[in-house]
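What follows is a single structure, written as structure tokens, with notes after it.
The values are calculated or read from the model by the stated rules, or taken from the named source; none is laboratory data. Worth saying up front: this structure is predicted, and the values here are computed from it rather than measured. Cβ coordinates were reconstructed from backbone atoms using ideal geometry, including for glycine residues, and neighbour counts include every protein chain displayed. For accessibility, only protein heavy atoms count, side chains too; no ligands or nucleic acids. Shrake-Rupley method; radii C 1.70, N 1.55, O 1.52, S 1.80 Å.
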Amino acid sequence: MAGVLARLGTVQVSLGGGEPVLRKDLPEVARAFQEHDIRVRVLTNGVAMTPRAAGRLIDAGVRDFSFSVDSLRPEVQEDLDAVAAALLAGPRR
């Protein structure tokens with residue numbers, strides 16, 4: 001897909017929807033676009049972003065990250081992040 005988009009003149013893509021950081025192959029996806037001189041932005045809520053994940057994406061050439069903030073009230077944002085983290089962790093057994 002990266003090659004097709006490059007031939008169409010695409011200069012930047014934004015990878016988001018759901019939580020892209022959960023994709024184990026996200027660095028490879030980003031690298032495929034970078035190899036076609038397409039700049040990559042990762043859109044994330046940040047809950048699944050770890051230093052290791054960020055490092056892998058930076059190593060793959062990602063230079064733009066957008067983190068969503070759903071509330072300007074810290075207590076509301078913390079509650080939303082806790083719910084998102086619980087959903088990402090999956091069911092408790």
The residue from A60, A6 that alone is closer than 30 Å to Q77 by Cβ, at pLDDT 95 or above and of a type outside the set (D, E) is A60
E75 passes all but one of the listed conditions (1) touching a strand residue (DSSP E or B) at 6+ places or on another chain (Cβ under 9 Å); (2) modelled with pLDDT under 90; (3) part of a helix (DSSP H, G or I); the exception is number (1)
Over the stretch 1-48, the set of residues open to solvent by 40 Å² or more (accessible area, probe 1.4 Å), among the charged types (D, E, K, R) and on the phi < 0 side of the Ramachandran plot is R7, R23, K24, D25, E28, R31, E35, R39, R41
